[in-house]
Amino acid sequence: MLPITDFLSCTDPLDEFDSLSYHQTHHAKTYVTGLAAARSKTVTGIAREVLPAQGDRALNKFLTKYDWNEDQLNHERLEELQKHGETRWSQDGYIVIDDSVFQRTGKELPGAGEFYDHTEGEPVWGQDLVYAFYTDDKTSYPLAFRQYEKADDEDQDDEETKYDLSREIVTELEEEVGVPADTYLFDSWFAHDSDLIKHVESYGKDWIGPLRSNRQVTFDNEEMRVDALEERIDKVEREINEETYKIWTKTLPISQLGEVRLVIAEKVTDEDEDNPVKYLATNKIDAPSGHLIRGYSYRWRIETFFEDSKQDLGLGGCEVRDSDGASRHWHLQMLTYSLLRLGPESSVSERLVSKASSLRAQLEHGLKETIYNMFSWVRGQPDHDLDGLMEEIDHLFLHSEGSL
């Protein structure tokens with residue numbers, strides 16, 4: 001059984017969420033606690049390891065049967081994050097658009113199919129989610145997602161591409177949620193979609209994204225690949241973020257993007273890197289190249305989110321075969337991540353562990369702190385027998401205050 005101390009106090013904002021009833025709030029607290037702390041992130045594992053969870057049947061019904069709106073829950077999660085200075089978004093922040101594939105074995109899982117996994121370098125069987133992620137110099141957390149599903153052969157004309165889903169997310173963030181961040185960040189795959197770029201610009205927002213090496217640019221009235229252009233220019237060495245770069249920049253016509261700013265940056269390092277040269281494009285025509293390189297470095301935060309979520313927070317652990325249930329699992333996973341990022345304001349671990357560090361480090365430190373505090377408290381109770389001690393620490397566990 002898992003002692004729930006600091007993290008349980010983080011779940012208190014759920015009591016104010018209008019999207020959940022009293023009993024649903026209990027199940028939500030149980031579920032996010034299990035995603036944060038249980039060894040197995042499945043419904044069965046959470047029901048077994050979080051005390052008491054009223055059994056896996058109750059949790060499964062919470063995911064698949066009960067009437068609650070996960071989209072409203074997500075908006076309430078984001079509203080709660082804006083109440084705290086350390087997680088409040090700003091115009092200076094960035095929105096990252098990216099997708100992640102997590103390998104699965106079940107053929108009947110919602111949206112399961114064969115997807116190309118960039119981390120593996122080959123197609124894998126799994127599920128694919130397109131995410132929007134907020135990040136700045138003090139915090140990072142997911143904003144929204146869409147599941148990408150490949151259509152059957154007869155439904156190809158109706159299939160929504162990942163580009164379509166990313167544009168849907170941008171519309172939601174700009175028209176419904178109102179995220180004030182001025183700049184979107186893409187990888188080379190999403191930056192390839194000119195319609196996505198135009199959609200972002202239609203809201204008056206900026207963007208930065210890398211070009212593939214074969215992207216066509218026009219230089220001195222000659223059209224050529226961007227990597228061929230790199231061979232004809234002289235780069236200037238500069239220090240950015242304590243790293244040395246060789247940089248060249250100019251506003252040029254680029255295929256499908258029109259007249260945009262191009263920054264060619266080669267990282268000078270002793271280590272072997274697969275891609276030491278980056279070709280960054282942006283509509284920030286007048287921004288200093290150092291600002292653009294520093295800004296684009298924030299895109300890496302979403303990779304840390306994917307890694308943390310897969311390894312520690314059950315992103316790919318849902319075995320629910322109902323599509324609505326799977327969506328709710330992923331919404332609750334985002335909630336878990338956000339609560340861990342927020343953290344109790346008085347927590348010692350919050351003062352010692354950087355917001356930018358891996359959540360694995362934060363969880364390990366928090367667990368050590370919890371165990372130390374518990375043993376210290378037990379040593380200070382010499383007059384209590386074992387039964388008395390168990391009654392006293394009973395409040396450290398997640399409890400039901402009613403049944404459905």
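Looking only at segment 48-92, count how many residues are among the acidic types (Asp, Glu) and open to solvent by less than 40 Å² (accessible area, probe 1.4 Å). Number of matching residues: 4.
Answer with yes or no whether ASP137 is open to solvent by less than 40 Å² (accessible area, probe 1.4 Å) and either in contact with a Phe, Trp or Tyr (Cβ under 7 Å, 6 or more places away or on another chain) or more than 23 Å from THR171 (Cβ to Cβ) (or both). Walk me through it before giving the result.
Working: open to solvent by less than 40 Å² (accessible area, probe 1.4 Å): no; either in contact with a Phe, Trp or Tyr (Cβ under 7 Å, 6 or more places away or on another chain) or more than 23 Å from THR171 (Cβ to Cβ) (or both): yes.
No: the conditions fail for ASP137.
Of all residues in segment 259-270, those that are over 29 Å from the mean Cα position of the chain (by Cα) and either closer than 19 Å to HIS291 by Cα or modelled with pLDDT of 95 or more (or both) total 2.
Given the condition outside any strand (DSSP E or B), of a type outside the set (Ser, Thr, Tyr), under 19 Å from ASN221 (Cα atoms) and open to solvent by 30 Å² or more (accessible area, probe 1.4 Å), answer yes or no: does some residue in segment 262-279 qualify? So that I can check it myself, show each step before the final result.
Of the residues in segment 262-279, the ones outside any strand (DSSP E or B) are 269-276.
Adding the requirement that they be of a type outside the set (Ser, Thr, Tyr) leaves 270-276.
From the residues that got through so far, the ones that are under 19 Å from ASN221 (Cα atoms) too are none.
Scanning segment 262-279, I find no residue that is outside any strand (DSSP E or B), of a type outside the set (Ser, Thr, Tyr), under 19 Å from ASN221 (Cα atoms) and open to solvent by 30 Å² or more (accessible area, probe 1.4 Å), so the answer is no.
Pairs meeting the criteria (first residue in segment 25-48 and under 18 Å from GLY325 (Cα atoms), second residue among the aromatic types (Phe, Trp, Tyr) and in a helix (DSSP H, G or I), beta carbons under 8 Å, at least 6 apart or on different chains) are HIS27/PHE62; ALA28/PHE62; TYR31/PHE62; THR33/PHE7; ILE46/TYR31.
Looking at (1) surrounded by 15 or more Cβ atoms within 10 Å (Cβ to Cβ); (2) without any contact (Cβ under 8 Å) to a residue 24 or more places away in the chain, find the lone condition where ALA287 falls short. Tallying (1) surrounded by 15 or more Cβ atoms within 10 Å (Cβ to Cβ); (2) without any contact (Cβ under 8 Å) to a residue 24 or more places away in the chain, ALA287 fails exactly one: (2). The residue pairs whose first member lies in segment 208-231 and is more than 13 Å from ALA191 (Cβ to Cβ) and touching a residue at least 24 places away in the same chain (Cβ under 8 Å), whose second member is aromatic (Phe, Trp, Tyr) and surrounded by 14 or more Cβ atoms within 10 Å (Cβ to Cβ), and whose beta carbons are closer than 6 Å, counting only pairs six or more residues apart or on different chains, are LEU229/PHE219. Taking the criterion of being surrounded by fewer than 20 Cβ atoms within 10 Å (Cβ to Cβ) and touching a residue at least 60 places away in the same chain (Cβ under 8 Å), the residues of segment 193-204 that qualify are SER194, GLU201.
Give me the helices (runs of 4 or more DSSP H) completely within segment 283-348, filtered to those with at least 1 residues that are modelled with pLDDT of 95 or more and under 19 Å from LYS205 (Cβ atoms), ordered by residue number.
In segment 283-348, 289-297, 300-312 are the helices (runs of 4 or more DSSP H) which contain 1 or more residues that are modelled with pLDDT of 95 or more and under 19 Å from LYS205 (Cβ atoms).
Of everything listed in (1) in a helix (DSSP H, G or I); (2) modelled with pLDDT of 90 or more; (3) not small (Gly, Ala, Ser), the single unmet condition for ASP92 is (1). Under the condition of being at pLDDT 90 or above, of a type in the set (A, V, I, L, M, F, W, C) and open to solvent by less than 10 Å² (accessible area, probe 1.4 Å), the residues counted in segment 15-39 number 3.
Does any residue of segment 213-228 turn out to be of a type in the set (Ser, Thr, Tyr), at pLDDT 95 or above and more than 25 Å from ASP98 (Cα to Cα)?
Yes: segment 213-228 contains one or more residues that are of a type in the set (Ser, Thr, Tyr), at pLDDT 95 or above and more than 25 Å from ASP98 (Cα to Cα).
The number of residues in segment 44-100 that are hydrophobic (A, V, I, L, M, F, W, C), in contact with a Phe, Trp or Tyr (Cβ under 9 Å, 6 or more places away or on another chain) and more than 19 Å from LEU340 (Cβ to Cβ) comes to 8. Kindly provide the set of residues from segment 290-313 that are under 19 Å from ILE264 (Cα atoms) and either among the hydroxyl-bearing types (Ser, Thr, Tyr) or surrounded by fewer than 16 Cβ atoms within 10 Å (Cβ to Cβ) (or both), ordered by number. Within segment 290-313, HIS291, ARG294, TYR296, SER297, TYR298, TRP300 meet the criteria.
Looking across segment 86-112 at every residue that is among the hydrophobic types (A, V, I, L, M, F, W, C) and touching a residue at least 40 places away in the same chain (Cβ under 8 Å), the one that is farthest from ALA144 (Cα to Cα) is identified as LEU109. Against the definition (open to solvent by 80 Å² or more (accessible area, probe 1.4 Å), modelled with pLDDT of 95 or more and within 27 Å of LEU340 (Cβ to Cβ)), how does GLU176 come out, yes or no? Yes, satisfied.
Report whether or not LYS250 is in a strand (DSSP E or B), within 26 Å of ILE197 (Cβ to Cβ) and modelled with pLDDT under 95. Taking the combined requirement at face value, the residue does not satisfy it. Under the condition of being open to solvent by less than 20 Å² (accessible area, probe 1.4 Å), part of a strand (DSSP E or B) and either closer than 17 Å to LEU165 by Cβ or hydroxyl-bearing (Ser, Thr, Tyr) (or both), the residues counted in segment 100-126 number 6.
The values are calculated or read from the model by the stated rules, or taken from the named source; none is laboratory data. Please read all numbers here as calculations on a predicted model, not as lab measurements. With ideal geometry, Cβ positions are generated from the backbone for all residues, glycine too; neighbour counts draw on all protein chains shown. Accessible surface areas use protein heavy atoms only, side chains included; no ligands, DNA or RNA. Shrake-Rupley method; radii C 1.70, N 1.55, O 1.52, S 1.80 Å.
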